[in-house]
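To keep things clear, I will list the structure first and then write my remarks on it.
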Amino acid sequence: MERKQMAHPTYLTNESKVAEFEARIARGEKIEPGDWMPDAYRKQLIRMISQHAHSEIVGMLPEGAWITRAPNLRRKMVLLAKVQDEAGHGQYLYHAAETLGVTREEMIDALLAGRAKYASVFNYATLGWADIGAIGWLVDGAAIMNQTMLAHCSYGPYSRAMVRICAEEGFHKKQGQEMIIRYAQGSPVQRRMAQEAIDRWWWPALMMFGPHDNESANTPQLVRWGIKTKTNDELRQEFIDELVPALRALDLSVPDAQMHYDETTGHWNGSEIDWDEFWRVIKGDGPMNAARLSARQQAHEDGRWVREAAEAYAAKMTVNGRAPAHA
Ligand code: FAQ
């Protein structure tokens, strides 16, 4: 389909450009990289997409720790494929952010210097094998809820990346759910493993959706510009309403004694998230923040020779105008 020409005559005032930009969003048109956009829209997208990319990359660490300890070949292959998928998601997202004018080096530097945020959930430890199942079902499940919404966002490259990522995340969630179902129906030890994993990951998964709407500084602008079409609390409630009955059907529980079904609203309601813990983890003081950052710094250092080799190869290509001959 032919896209609308977005070049703006220079006589247009900023307000009229914003009005036209917002009218495009209201008509459901996608904003594409070369199109005019308010600075704040560009900044919000760079912030969100780069944080999202970092989350995919750091998110490989808790699960990656179990690749060598997977209990059988099938589980090992599935886990390897999943972790590899997350690396791919990080790549799509860094590319999507680059279309907005930020460089990959700037984003990676911010992550490695500890200036960039990434999803708080990845600052918790995977203490048992069933945590791999709980991450798939709860963490990927929460990520999908948020990303299904983002697949409809107003920025073309981000929304298209989300379509692809959600298709893969769907399998991630299913493998985790299948694992927990198996263990819930298995031996008493397996049931205990599954319950302990749910207990560990329930609250961090709920925190993934971000602060309550009245504390969420970015939501009004993101909703106004069609980046978010649902709020943090709306998505968190959808997640709770899906997960609580599904876990109860397996005779598993969530670690919240207050969790109950409210007949009048038709929703499951529990107790309040520990917001002090949430902000502490985001500010760098979670159980695994230091370990995650140093693992990424080490990986970057270990990859230095690859970057240098690629640069040397590219420089030689530029000098000769053709690929260097292989000895
Ligand atoms: N963790 O004003 P709001 C995955 C920050 S992908 C850390 O409400 P907003 C795949 C927030 O950035 C998971 N920081 O912010 C996978 C803001 O800080 P800033 C990642 C958080 O943007 C699965 C401040 O708090 N998904 O899991 C968190 O409106 C398994 C105020 O918050 C995405 O990134 C948090 N939980 O809403 C991989 C999706 N919550 O920048 C491996 C895209 C809030 O102003 C294994 N992002 N903050 O200094 C989003 O949808 C949104 O950015 C939210 C936050 C919903 C995360």
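The values are calculated or read from the model by the stated rules, or taken from the named source; none is laboratory data. Since this is a predicted model, take the numbers as computed values, not measurements. Here the Cβ positions follow ideal geometry from the backbone for every residue, glycine too, while neighbour counts run over all protein chains shown. All accessible areas refer to the heavy atoms of the entire protein, side chains included, with ligands and DNA or RNA removed. Shrake-Rupley method; radii C 1.70, N 1.55, O 1.52, S 1.80 Å.
Just a few scattered comments:
- Mean sequence separation of contacting Cα pairs (under 8 Å, at least six apart), scaled by the length of region 222-327, corresponds to a relative contact order of 11 percent.
- Once both labels are positioned 7 Å from their Cα atoms along Cα-to-Cβ, the gap between Arg47 and Gln84 label points is 3.7 nm.
- Cα-based reach from Lys174 at 20 Å (exclusive), listing lysines while leaving out same-chain residues under 8 positions away: Lys76, Lys82
- Against the criterion of solvent-accessible heavy-atom surface with a 1.4 angstrom probe, Glu196, Glu29, Glu56 sort, most first, into Glu196, Glu29, Glu56.
- Förster-model FRET efficiency, 22 Å R0, Ala299 and Met77, C-beta, rounded to 0.05: 0.45
- Surface composition of the chain: carbon and sulfur make up 56 percent of the accessible area, probe 1.4 Å.
- Exposure check, 1.4 Å probe, all protein chains in place: Asp251 carries approximately 120 Å² of accessible surface.
- Per residue, the accessible area of the chain comes to 52 Å², computed with a 1.4 Å probe over protein heavy atoms only.
- On the beta carbon distance between Glu263 and Asn214, with R0 = 30 Å, the FRET formula returns roughly 0.70.
- Using a simple spin-label model with pseudo-atoms 7 Å out from Cα toward Cβ, Thr68 and Ala310 lie 2.6 nm apart.
- Mean separation of Cα contacts under 8 Å, 6 or more apart, over the residue count of region 62-159: relative contact order %: 30 percent
- When region 132-273 is described by a simple charge dipole with +1 on each Lys and Arg Cβ and -1 on each Asp and Glu Cβ, the residue from His212, Pro245, Ile227 located farthest towards its positive end is Ile227.
- Using a cutoff of 8 angstrom between alpha carbon atoms and counting only pairs six or more residues apart, the relative contact order for the chain works out to 17 percent.
- Remark: the chain is approximated by an ellipsoid whose semi-axes, taken from the C-alpha gyration tensor as √(5λ), come to 36, 29, 17 Å, largest first.
- Reachable lysines, given that their alpha-carbon falls under 30 Å from the alpha-carbon of Lys17 and they are not under 8 places away in the same chain: Lys4, Lys30, Lys43, Lys228, Lys230
- Which of Arg236, Arg27, Arg296, Arg115 is most accessible, then next, and so on - probe 1.4 Å: Arg115, Arg27, Arg296, Arg236
- Note on Phe171 and Ala26: the extension gain reaches 48.9 nm, defined as 0.36 nm multiplied by sequence separation minus the Cα-Cα distance.
- Theoretical ellipticity at 222 nm over the chain - DSSP helices of four or more residues, -39500 (n - 2.57) apiece, nearest 500: -20000 deg cm²/dmol
- Nitroxide proxy distance, nm - points 7 Å out along Cα→Cβ at Met317 and Glu272: 5.7 nm
- Most mobile listed residue (Glu86, Glu98, Glu242) in the chain, GNM with C-alpha springs under 10 Å: Glu242
- Accessible area in the full protein assembly, largest first, 1.4 Å probe, for Tyr158, Tyr313: Tyr313, Tyr158
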